[in-house]
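Notes follow once the structure below has been shown.
We did not get these values from a lab; they are worked out from the coordinates using the rules stated. This structure is a prediction, so every number in the text was calculated from the model and none was measured. Positions of Cβ are backbone-derived with ideal geometry, glycine not excepted, and every protein chain shown enters the neighbour counts.
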Amino acid sequence: MLASLIPLFDDDMKVCAYSVFAQRENHLMHPHLMGTGFLDNVVNIVGLDIVDSIGTNVLSGDKEVFVEINNISIFANIEDQCNAPKSRIVLLLDNSVLPEEPYLARLWDLRGQGYKIAIRKLSGNQFDSYRPILGMCDYILLDHRKINIRSARLYFKKAFPDIKMCAVGVDTLDDYERLTSDGSYDLYEGAFFRVPVEDSERTVSPLKITYIELLNVVNNPDFDLQDAADVIGKDAALVISMLEMVNHMSINSEITSVRHAAAMLGQKELKKWINTAVTKELCADKPSEITRISMVRAKFAENLADVYDMKNLSSELFLMGLFSLLDIMIDQTMEQSLKLVHVSKKIEDALLNNTGELWPVLDFIFNYENASWQEVSRLMILNNIDMDKVYDAYTGALRWYRDLIDPIQ
């Protein structure tokens, strides 16, 4: 199975929901599925599998989760496939679900059970014919590049005033800012929030310089605990976070100083904590999704080390994923950013030049998180990668992130 999360944002660039885009089989390994891929979900809906196996807290906290269904899977036993609250699940239809019986009866049944409904892949000239379905929809996803949004907004405001309109394919920050200023859409989907910084004349804030200094200390091959502790002591938020972690690990620890706390953690645990804690702080003034993606990428890359026969490079793979959005975190180009942090040549080659030993893993991750399943399938064949191991690596990264942000769960 393959599955990836695609975030949906509001006007303030806050994540409001996630879409689960999934595929059960490698279609390139099984060419007969290429023409019948929509049957993937006939019995077991792939998106519900991941929601049920991982939990909605991993996927979206208290947010909604969009799950793809089609004209076949709509008649599956959806109700028995997922224990998540029905009010949290949005069933995402496409135009294969027709505005006629028995689809309408099934949708009324699902609505009556508490599921929400969304639809995508409709063109403007289909709105009238799809009125029976649109009347049951909570959301409609529209390609902003192909739709006259002013006409569409007038139509929906009059005919379906409660439906929320989502712009998809929003791949530049200029597009996002233009669409949000217009006020026609409610939600936005696309890569606009993580577009690489191409040019920057900004200076890095002194606080972020402290964080980068700390990263450089702990990512030396044999760093000194006292040096790390001295840098941590410059930032009260980091001190509090570290003390909370130490107290969680050891009851009645009677910590007497930052150096004492660092010594109690030890080099390995301190390094792991610093890399993640500092990343969260670097992203504090950015959309929360930047933190999630950078950390999930880091753990996903580390988990793929065995799959790519790079076990000896797992730590570098982790840092590569963690720093893959460093330019956005500190508002510098990637070239400028990598001059501030001391990373290996292998990491630099992957992040800056898209080359080198680590690059294939990062390239795979980029395609995976974009749900580019055909390319992911091709890369798995070329590298003789087992699909189930990839899925386990990804879901393991999601669970790790869940435990990191909420260890009490």
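In this model, which of Lys272/Lys389; Lys208/Lys339; Lys116/Lys164; Lys345/Lys389; Lys299/Lys346; Lys14/Lys280 are farther than 20 Å apart at the alpha-carbon?
As for pairs spanning more than 20 Å Cα to Cα, those are Lys272/Lys389; Lys345/Lys389.
If I take the Cα coordinates of region 152-284 and project them onto the principal axes, what are the three extents in Å, biggest first?
If we take the Cα atoms of region 152-284, the spans are 66, 39, 23 Å.
Mind pulling the angle between the C-alpha long axis of helix 387-405 and the longest principal axis of the chain? Nearest 10 degrees, somewhere in 0 to 90.
Compared with the principal axis, the helix lies near 70 degrees.
Does region 197-343 classify as rounded, prolate or oblate by the C-alpha gyration tensor (a ≥ b ≥ c root eigenvalues; a/c under 1.5 gives rounded; else a/b over b/c gives prolate, otherwise oblate)?
The shape class here is oblate.
Apply the Karplus curve 6.51 cos²θ - 1.76 cosθ + 1.60, θ = phi - 60°, to the phi angles in region 303-316 and return the couplings in whole Hz, x for Gly and Pro.
5, 7, 4, 5, 4, 9, 6, 10, 4, 6, 10, 4, 5, 5
Tabulate in residue order the Karplus-calculated ³J(HN,Hα) for region 79-88, using 6.51 cos²θ - 1.76 cosθ + 1.60 with θ = phi - 60°, rounded to whole Hz; enter x for Gly and Pro.
4, 9, 9, 8, 8, 5, x, 4, 5, 8
Helix 258-282 versus the longest principal axis of the chain: what angle, 0 to 90°, nearest 10, using Cα atoms?
Helix 258-282 sits roughly 40 degrees off the main axis of the chain.
Any chance you could give the angle, 0 to 90 degrees and rounded to 10, that helix 103-113 forms with the longest Cα principal axis of the chain?
50
For region 289-409, what number results from the quotient of the Cα radius of gyration and 2.2 N^0.38 Å? Please report the intermediate quantities before stating the final value.
Numbers: Rg = 14.1 Å, N = 121, 2.2 N^0.38 = 13.6 Å.
After normalising by residue count via 2.2 N^0.38 Å, the value is 1.04.
Given a cut-off of under 8 Å on Cα pairs at least six residues apart, what relative contact order in percent is computed for region 250-409?
It comes to 22 percent, rounded to a whole number.
If r is the Cβ-Cβ distance from Asp12 to Ser129 and R0 is 30 Å, what FRET efficiency results, to the nearest 0.05?
0.30
Normalised by the number of residues in the chain, what is the relative contact order in percent for Cα pairs under 8 Å and 6+ residues apart?
It comes to 15 percent, rounded to a whole number.
Spin-label point model (7 Å from Cα, Cβ direction): what's the Asn354 to Thr172 distance in nm?
Each label point is offset 7 Å from its Cα along the Cβ direction, giving 1.8 nm.
What number does the chain give for Rg over Rh if you use C-alpha atoms and the Kirkwood radius?
We get a ratio of 1.00 for the chain.
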